[in-house]
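A.B. asks: First the structure, then my questions, so here it is.
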Amino acid sequence: MESRPVVLLSKLAPDSARAAVEFLSSGAVALLPTDTVYGLAAIPTNPGAVSRIYALKNRPLLQNLPIMVSSVEEIEPLGFVVSEAARRLLDSPLIPGSLTFALGFRSGSVVPWLEGREEAALRIPNEPWLLSVLAKVGPLLVTSANLHGRETPDNVHDILANLKGSPDVAVDGGVLHTVPSTLVNCRCVPPVVERVGAIPEQTVKEFIK
């Protein structure tokens, strides 16, 4: 994929969140700091931007991209089924935080950009700057900013040097942790922790006993 000039922003700049919203709303792919690793983000209703994320990561097209939202209230309107166990986790002190949910959908109630999926991974990050962006722009497709199958670098410089091309804008939030979120599949009864990350498995299980 051909590289293009990247607009570099500092998260500490007073207008960085507003600028990120403007870029994303115009169809850009953005490299954003989260509460875990850096992520590549795009508006889900822009197919071109979504395709570029796959190309930048060299990610197989059959592997769907995770979703980030700014609040619990945004989840069910997208068409997700929120089970009793998932509700307990969403109402717990772990949210917002480094916990990703695999959720299924209500038949016939899913938003158009999620049609065809049986499930999706969803997260509410515990990062005030990113939450402010999500609150303004709406749900985003956000995936770790790494080449497929490799670890995510902890800084913007190394990420840009490793991707297959460049995003439109990169927001520098400094050196981040390289531990991903913990993934819990809430379609299973009881829910199953499928990836242990920033939140220990036992901590998750305490809320879904």
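A.B. asks: Using DSSP to define loop residues, name the GluC sites (Glu not before Pro) in segment 86-130 whose beta-carbon has at most 11 other beta-carbon atoms within 10 Å.
C.D. replies: Details: sites: 115, 118, 119; in loops: 115, 118.
For GluC sites (Glu not before Pro) across segment 86-130 that sit outside H, G, I, E and B with at most 11 neighbouring Cβ atoms in 10 Å, the list reads 115, 118.
A.B. asks: Sort segment 139-182 into rounded, prolate or oblate with this rule: let a ≥ b ≥ c be the square roots of the eigenvalues of the Cα gyration tensor; rounded if a/c is under 1.5, and if a/c is not under 1.5, prolate when a/b is larger than b/c, oblate otherwise.
C.D. replies: On the way: a/c = 1.19, a/b = 1.14, b/c = 1.05.
Here segment 139-182 falls in the rounded category.
A.B. asks: Here is a further query. Would you work out the relative contact order for the chain, in percent, from Cα pairs under 8 angstrom that are 6 or more residues apart? The partial results should precede the final answer.
C.D. replies: Numbers: 432 pairs, mean separation 70.0, N = 209.
Averaging sequence separation for qualifying contacts and normalising by length gives 33 percent for the chain.
A.B. asks: Can you classify segment 62-149 as rounded, prolate or oblate using the Cα gyration tensor, where a ≥ b ≥ c are the square roots of its eigenvalues, rounded means a/c under 1.5, and otherwise it's prolate if a/b beats b/c and oblate if not?
C.D. replies: Values: a/c = 1.41, a/b = 1.08, b/c = 1.30.
Here segment 62-149 falls in the rounded category.
A.B. asks: For segment 80-152 and segment 50-72, what is the separation of their Cα centres, given in Å?
C.D. replies: 11
A.B. asks: Which order do 127, 201, 74 fall in if you start with the one that has the fewest other Cβ atoms within 10 Å?
C.D. replies: 201, 74, 127
A.B. asks: For the chain, what is the mean residue ellipticity at 222 nm derived from helices alone (per DSSP H run of n ≥ 4: -39500 (n - 2.57); sum divided by total residues; nearest 500 deg cm²/dmol)? Working shown, then result.
C.D. replies: Working: 6 runs with 50 residues, N = 209.
Using -39500 (n - 2.57) per qualifying helix, the result is -6500 deg cm²/dmol.
A.B. asks: Mind running the shape call on segment 1-118? Use the C-alpha gyration tensor, a ≥ b ≥ c as the square roots of the eigenvalues: rounded below 1.5 for a/c, prolate if a/b tops b/c, oblate otherwise. All intermediate terms of the calculation are to be shown ahead of the outcome.
C.D. replies: Values: a/c = 2.05, a/b = 1.39, b/c = 1.48.
Oblate shape, in that a/c is at least 1.5 and b/c is the bigger or equal ratio.
A.B. asks: Note the full-extension length gain between residue 155 and residue 7 as 0.36 nm times their separation in residues minus their Cα-Cα distance, in nm to one decimal.
C.D. replies: On the way: separation 148, 0.36 × 148 = 53.28 nm, distance 1.56 nm.
Fully extending the segment from residue 155 to residue 7 adds 51.7 nm.
A.B. asks: I've got another one for you. Suppose every Lys and Arg Cβ carries +1 and every Asp and Glu Cβ carries -1, with no other charges. What dipole size does the chain come out with about its Cα centre, to the nearest 20 debye? Each step should come with its number before you reach the end.
C.D. replies: Working: 18 positive and 21 negative charges, 61 e Å.
Taking the Cα centre of the chain as origin, the dipole is about 300 debye.
A.B. asks: In percent, how large is the relative contact order of segment 67-161, given Cα pairs closer than 8 Å and 6 or more residues apart? Don't skip to the end; give the middle numbers.
C.D. replies: Details: 112 pairs, mean separation 34.5, N = 95.
It rounds to 36 percent for segment 67-161.
A.B. asks: In addition: Could you compute the net charge surrounding residue 99? Neighbours are other residues with a C-beta less than 14 Å from the C-beta of residue 99; K and R count +1, D and E count -1.
C.D. replies: Once positives and negatives cancel, what remains is -1.
No lab work stands behind these numbers, since they all come straight from the coordinates. Everything numeric here is computed off the predicted structure, so don't read it as measured data. FYI the Cβ positions are ideal-geometry reconstructions off the backbone, even for glycines, and counts take in every protein chain you see.
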